Amino acid sequence: MSKFKVVEVRPSGGKNIAEVFWEDGHVSRFHTIWLRCNCRCSVCCRTIVGQALVERSKLSCQLLVSEATIHDEGAKINFKLAPETNHVTVMTSDWLRSACYCDACISEMLDEREMKFHLPSESQLPVAEFEQLDTDKGMFELIGTVFDRGFVVVENVPREDGSVVKTGKRMAPLIGGVCGEKFDVVDVQSTEHAAYTSSGLPFHADQCIYEAPEGILLLHALRFDDVVEGGNSLLVDMFHVIDILRKQSPDDFRVLSRVPIAYATIDYNRRDPAHVIHRKPIILLDYDDKVVGYSWNPGTEQTLRVHEDDVEPFYRAYVKLQKLIDDPKNQFKFRLRSGDMLVLHNRRMAHSRDAYKTNGGHRRLQGTYVNIEDLRSKYVVLGRKLNRPVVAPKIGNCSSI
Ligand SMILES: [Zn+2]
Ligand SMILES: [Zn+2]
């Protein structure tokens, strides 16, 4: 039984469009070239990944509907598209409806994947138990929280060196990069990186130096003694503050989505010399004008080199966004305890930490990165397995779906 039934098909335009009328009142318009390229017949329809069975270069650019017939009580439509004489383009109604590209259906597709924002003052700290990772249900709910809230604090993670790597691998494949498989965030009075000192850090996303910064950051507090003063974790939902900027200062929002700045780690003197650089706007928009990514890392930002007219607007807009990030109203603030592991959505949340004083105690965090697209895949697959189907959420990876 098909869910959607077609009641009528009418050629429209110069017959290069088929207007499809549905039983529930919806009306779709499909172009003939689109119908032909997506034909569901047994010759054209892909049956295994990697196939491309319709040879587009051999199709006429001027396909016209010469006949459209409805079959199986509205569950199937056959199109004859002139000048083709030896092929019938076949559509099943459920598939056709699921692929409708009218404005309403496109909006629905984007809206159901959109991020929901949570105000720090109105929401509790999202927490999970380490044992949750042992079951599909626990893992599914934990990942769901990471995508919904942007982070979760997992409690009682075994305080062993490398625990963060073992835990990360249970979630999704790890990503290396300039930091290696794991890194210790501890005060070694580093002269290479401020993270490895006891000073405060500005809000930032990790690894903006790459085209695709790591998606999920795991930070495990191997030791965080009570006597240590400061060292609190602070998070800001960048998609939320960018949304505020868009509403309050649309011109500044446009500037930051257009004018690029580079991020880099270029250091030939460090133990492991590196030269990694990437230039992009702070706000990334897609075809539908949706925000689909951001970069924010004052600590690896490079000198602005853009066209003269863009210099002052860039700094003006930058400061406005900076003020929203610095506004405590927009900040989640908490202190990790020994054994806590922060699972942070790095493509959504900027993070920072207070300066700290050890007072004779210790603060040692160990971190690693996990692939966010594989984690989302796991989330959707687990949802199906548990009979709790979910739509793959937007994850800030430069794509709205
Ligand atoms: Zn076909
Ligand atoms: Zn539609």
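The values are calculated or read from the model by the stated rules, or taken from the named source; none is laboratory data. In this text the structure is predicted, and so the values were computed from the model without any measurement. All Cβ positions, even for glycine, are placed from backbone atoms using ideal geometry, and neighbour counts span all protein chains on display. Surface accessibility is based on the protein's heavy atoms, side chains included, excluding ligands, DNA and RNA. Shrake-Rupley method; radii C 1.70, N 1.55, O 1.52, S 1.80 Å.
Three semi-axes describe the equivalent ellipsoid of the stretch 265-320; taken as square roots of 5 times the Cα gyration tensor eigenvalues and ordered largest first, they are 26, 16, 10 Å.
Basic side chains Lys and Arg get +1 at the Cβ, acidic Asp and Glu get -1 at the Cβ, and with that the dipole of the stretch 6-101 about its Cα centre reaches some 440 debye. Modelled spin labels at A104 and K137, positioned 7 Å past Cα toward Cβ, are 3.8 nm from each other. Charged neighbours of G396, selected by a Cβ distance under 9 Å, balance to +3 (K, R count +1; D, E count -1). Solvent-accessible surface (1.4 Å probe) assigned to M139 amounts to roughly 10 Å². A 1.4 Å probe, protein heavy atoms only, puts the accessible area of D251 near 120 Å². Label separation (H275 vs H362): 3.9 nm, computed from points 7 Å beyond Cα along the C-beta direction. Largest accessible area first, the residues K320, K333, K247 order themselves as K247, K333, K320 under a 1.4 Å probe with ligands, DNA and RNA left out. When the chain is treated as a GNM with alpha-carbon contacts under 10 Å, the residue of I261, I277, I70 showing the greatest mean-square fluctuation is I70. Of the residues L217, L285, Q302, the one whose Cα sits farthest toward the positive end of the charge dipole of the chain, with +1 on the Cβ of Lys and Arg and -1 on the Cβ of Asp and Glu, is L285.
Here the simple spin-label model places points 7 Å from the Cα toward Cβ, and for R10 and A392 these points are separated by 3.7 nm. For the residues V186, V20, V49, a GNM of the chain with alpha-carbon springs under 10 Å puts the largest fluctuation on V49. Residues within the reach of a label modelled at R29 (point 7 angstrom out along Cα to beta-carbon, backbone nitrogen below 16 Å), restricted to the stretch 80-104, are 100-104. Between the listed residues A75, L201, F239, the Cα displaced farthest toward the positive end of the dipole of the chain, a dipole computed from Cβ unit charges relative to the Cα centre, is found at A75. Here the alpha carbons of the chain define both size measures, Rg and Dmax, at 25.8, 85 Å.
Please list the helices of the chain that count as membrane-span-like by this rule: a mean Kyte-Doolittle hydropathy of at least -1.0 together with Cα atoms stretching 18 Å or more along the helix axis, each helix being a complete DSSP H run.
Both cut-offs are met by 136-149, 308-326, 372-385.
Which entries of K137/K169; K247/K323; K169/K357; K247/K320 have Cα-Cα distances beyond 22 Å here? Pairs exceeding 22 Å: K169/K357. Annotation: aspartates and glutamates with alpha-carbon distance below 13 angstrom to K58 (same-chain offsets under eight excluded): E84. For the chain, a crude dipole built from +1 on the beta carbon of Lys and Arg and -1 on the beta carbon of Asp and Glu, taken about the Cα centre, is about 660 debye to the nearest 20. Springs between Cα atoms under 10 Å define the GNM used for the chain, and in it the highest mean-square fluctuation of G74, G299, G50 occurs at G50.
Report summary: the helix-based calculation at 222 nm, which adds -39500 (n - 2.57) for every DSSP H run with n ≥ 4 and divides by the residues of the chain, gives -7500 deg cm²/dmol.
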